[in-house]
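The structure under discussion appears below in the form of structure tokens.
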């Protein structure tokens, strides 16, 4: 390593991105840049690279193809891919074949990228220490071979037991972690997106059939379009939840704080679930001062409320009430969503906010069956603001989700 710094290779066909990246990180790392995968391969042959960062969309070789081409020869080098929301299939392919460490969505946030790079290099340092340990163990084995036959037998047996135990433990934990991540990601994408995608296709077909009729039923056509829009919004929310959960787990993203009126915050969230509310004829009871303002990240907390409202819809029959309210405390605001649904068993409450936990429930009117990703996102987003989330519920009477937002957020 030059000057005892880690060496990073950044591959991107846009010179501006390369220049910006190098300007930000050249003081902390030795930064090598390449405008194509072909040039990146040449740099890898001539330099000891510890971390590869590549853009997905490049003309001659995509980021996935580049990472796949170097996976075998540079198996210990950490890999990060930069991609847009439309590249989910490429991300899955990269996880399975390119052995990537993490992906980052465009446009990348500097602070988030710094944390990700640091975590990736820490992982590289750990692997290198393990390799050094393996070399050290091999040297000890060579020494054992020089001892007497009896000593060799005793030492080999002891070494073998210790080495096998360490290797089995390390391999078992690593395999479990990789398998869990892959299964969770695959299951969430397939499970959560299948139903709303089916709705989009189904309603689009019905809309097409309606348009081909001699006399168009405008009311039905509008209903079909609304259904398509809502299903599309549901899919977008699910994708954003999945991406944000992994971002929170790999480094706290920067919050876009701003003073937001309560009326604006709640009405934005209600609009995103309006189709489900109309379907079940839900009456909204507002228990807050609409002119009062809270300092928070509007997009994240709006999505927190959308997830909580969607959850309430799953457990609520028709013609019920939802309460949306805010309680003002000395140093914090307490926001809540209360419903008159079926409620949650007491022994299930502690599991609600654990990673990807779920409670069995039938599909709701919007075609979503929960895998728990929504409530996981709720927990992470609220904690990123310095608050906490909790729930109170009575079977057969309803559920209330609470979450706190400090009046002064340390960010």
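The values are calculated or read from the model by the stated rules, or taken from the named source; none is laboratory data. Everything quoted here is computed from the prediction, not taken from an experiment. A quick note on method: Cβ atoms are made from the backbone with ideal geometry, for glycine too, and the neighbour counts reach across all protein chains shown.
In segment 237-250 there is no residue matching the filter, namely being assigned to a helix (DSSP H, G or I), loosely packed, with under 15 Cβ neighbours inside 10 Å, at negative phi and assigned by TED's automatic domain parsing to the domain that holds residue 325.
Within segment 312-344, the set of residues being out of contact with any strand residue (DSSP E or B) (no Cβ under 9 Å at 6 or more places or on another chain) and crowded, with 20+ Cβ neighbours inside 10 Å comprises just one member, 314. Take the conditions (1) modelled with pLDDT under 90; (2) over 21 Å from residue 383 (Cβ atoms); residue 339 misses just one of them, which is (1). Against the conditions (1) surrounded by fewer than 18 Cβ atoms within 10 Å (Cβ to Cβ); (2) touching a strand residue (DSSP E or B) at 6+ places or on another chain (Cβ under 9 Å), residue 267 satisfies every one except (2). At least 1 residues being under 21 Å from residue 18 (Cα atoms) and modelled with pLDDT under 85 is the threshold, and among the strands (runs of 3 or more DSSP E) wholly inside segment 47-155 those reaching it are 78-83, 102-105. Inclusion of residue 43 among residues that are closer than 14 Å to residue 8 by Cβ, modelled with pLDDT of 85 or more, crowded, with 21+ Cβ neighbours inside 10 Å and assigned by TED's automatic domain parsing to the domain that holds residue 23 is not warranted. Just so you know, in segment 46-67 the residues that are surrounded by fewer than 18 Cβ atoms within 10 Å (Cβ to Cβ) and in contact with a helix residue (DSSP H, G or I) (Cβ under 8 Å, 6 or more places away or on another chain) include one that is farthest from residue 6 (Cα to Cα), and it is 60.
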